[in-house]
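The values are calculated or read from the model by the stated rules, or taken from the named source; none is laboratory data. These figures come from a predicted structure and were not determined experimentally. Cβ placement follows ideal geometry from the backbone for every residue including glycine, while neighbour counts extend to all protein chains displayed. These accessible areas exclude ligands, DNA and RNA; they are computed on the full protein's heavy atoms, side chains included. Shrake-Rupley method; radii C 1.70, N 1.55, O 1.52, S 1.80 Å.
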Amino acid sequence: MLILIINSGSSSLKYQVRDTSQDSVLTEGLIERIGESEVADHAQALDQVEQELGRILGDQTLDAVGHRVVHGGERFGEPVLVNNEITRAIERLNPLAPLHNPANVLGIRAITRKWPNLPQVAVFDTAFHKTMPEHAWRYAIPDELYRKYGIRRYGFHGTSHEYVSRQAAKLLGIGAGDFNGIVAHLGNGASITAVSGGKSIDTSMGFTPLEGLVMGTRSGDIDPSILLFLAREGYSTEDLDQLLNRNSGLKGMTGTNDMRSTQEAADDGDEQAAIALKVAAYRLAKYIGAYHVAVNGAQALVFTAGIGENAWQFRESVVEQLGVLGISLDDAANRKKSSDPREISTEGSSIPVLVIPTDEEAAIAEATAAVVQNHQ
């Protein structure tokens, strides 16, 4: 099947076309600055995509469109075929992901107008985490806040965590349903997931993608009373949202959200950059220890996404704190650049440490093809 994968942002549209029968990428691209003079809206962005597809595909036609949708709430635990009711249901989740779901819906509606008969499938970032037990997703707040507003842990990056978990199991020579491990998705946004029996049982991101690890611009875990203190000092809700989501994390501590720039600065003697990296590595190491307990002994620790796959210094600074668990890296293997799934731990390490490149587009294409075929 030929699947068009759409990742629609408020001012951008990332796309890729995959042939699922060959597991091959036919074309991909990114259209930015939507809403400005050159690209007025998402419909006009799709006109550009259509031109590119006509050039690449020739007489071939698309079979379906798969959309990355960030928030599925409690309703959506698996990919679904899109119709008007599903689109409205996703729209009703906008308050839970105000930066992402509205843009995802724009992409769905634009495709519906342009190609009304083309099947569309929504693949949710939160879906993989629907298997978390209640004691993991509950917050210790009054129950009415959960029942009235849906305040609970949802988790994100689920498409990546699920894909990487399956690839890790494959590398270890076991079935996906037998995999017990810890997956660290480390990019500008970062999260870590405890996987037991191939299913998510806990994850670091919570009600929103803000909770958990230190990220490029997000603070991660923080004492909630700090927000109350700042509110009393005159910070508005908008100020606090901007502070925690856009101006914290590495950027807040160093002035840049780029891990490579931060590492280079630290290597050049910048003490602030060095402490920022230590804060981020220490936070991640603590989560790894906790999730080793959560899965009753992990079979592997897995690094993925841009930082996880490429930043050997950061991996080293994390794993060197895990000696008490018997986990250790092979220095040469850790430093080696490769785009292949690989093991980077020593022979004597208590569990393998793996680097598994993520491929969310492949996972979305696979899920989209399966849903469409089931409805034919």
Which whole-number value in Å³ per residue fits the convex hull of the alpha carbons of segment 200-339? 138 Å³
The rounded separation in angstrom of the Cα centers of segment 1-63 and segment 75-115 is 18 Å
Largest-first ordering by accessible area, 1.4 Å probe, given options Lys278, Lys337: Lys337, Lys278
In debye to the nearest 20, how big a dipole does segment 140-285 give about its Cα centre with +1 on each Lys and Arg Cβ and -1 on each Asp and Glu Cβ? 600 debye
With angles folded into 0 to 90 degrees, how steeply does helix 237-246 sit against the dominant principal axis of the chain? Use alpha carbons for both and round to 10. 80 degrees
Taking every pair of alpha-carbon atoms in segment 322-376, what share in percent sits in each 10 Å bin, from 0 to the bin with the longest distance? 22, 31, 20, 18, 9, 1
With a Förster distance of 25 angstrom and the Cβ-Cβ distance between Ser236 and Arg92, calculated FRET efficiency to the nearest 0.05 equals 0.45
Relative contact order for the chain: what percent, with Cα pairs under 8 Å and sequence separation of 6 or more? 15 percent
When the Karplus curve 6.51 cos²θ - 1.76 cosθ + 1.60 is applied with θ = phi - 60°, which whole-Hz ³J(HN,Hα) does each residue of segment 260-265 get, with x for Gly and Pro? 5, 5, 5, 5, 4, 5
To test your reading of the geometry: what angle, between 0 and 90 degrees and rounded to tens, separates the Cα axis of helix 42-57 from the longest principal axis of the chain? 80 degrees
Which lysines, on any chain, are close to Lys114 with Cα under 28 Å apart, when same-chain ones fewer than 8 places away are left out? Lys14
